[in-house]
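Each remark here refers to the structure printed beneath this line.
Coordinate-derived values only; no laboratory data. Keep in mind the model is a prediction, meaning the values are calculated, not measured. Here the Cβ positions follow ideal geometry from the backbone for every residue, glycine too, while neighbour counts run over all protein chains shown.
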Amino acid sequence: MPDSIKWYLKPGAITIAFLVLGPLAVIVIPLILASPAFKRWNKVFMIVLIILYALLNIWALNAFVGVYGTLQKQMQELQAAMK
């Protein structure tokens, strides 16, 4: 890896960005594509991994919202029963 690579294109910076951004890690994909530090198959693997991670987060958020709605409905029913 040449030393002339900008800091934000180095593997360490991209890894930290992925870990810090969490479900918003999709915005790291352009950095991965622009980075000369990764081989083509590494780029494809990391992009697929990031997309799967984002989809997992969307699914988990959807499940959480469903559970929250159910709990809220049960709390309203319980409050009505206690009156």
Nearest 10, in degrees from 0 to 90: the angle of helix 40-82 to the longest Cα principal axis of the chain is 10 degrees
Helix 11-21 sits off the longest principal axis of the Cα atoms of the chain, rounded to the nearest 10 on a 0 to 90 degree scale, by 10 degrees
Expected sort for 46-56, 70-80 on mean C-beta neighbours within 10 Å, highest first, is 46-56, 70-80
Nearest-0.05 FRET efficiency for residue 47 and residue 68 at R0 = 25 Å, using Cβ-Cβ distance, is 0.20
Residue 80 and residue 16 label points (each 7 Å along its Cα→Cβ direction) are spaced in nm at 5.4 nm
A student asked for the Cα radius of gyration and Dmax of the chain in angstrom ought to give 20.6, 72
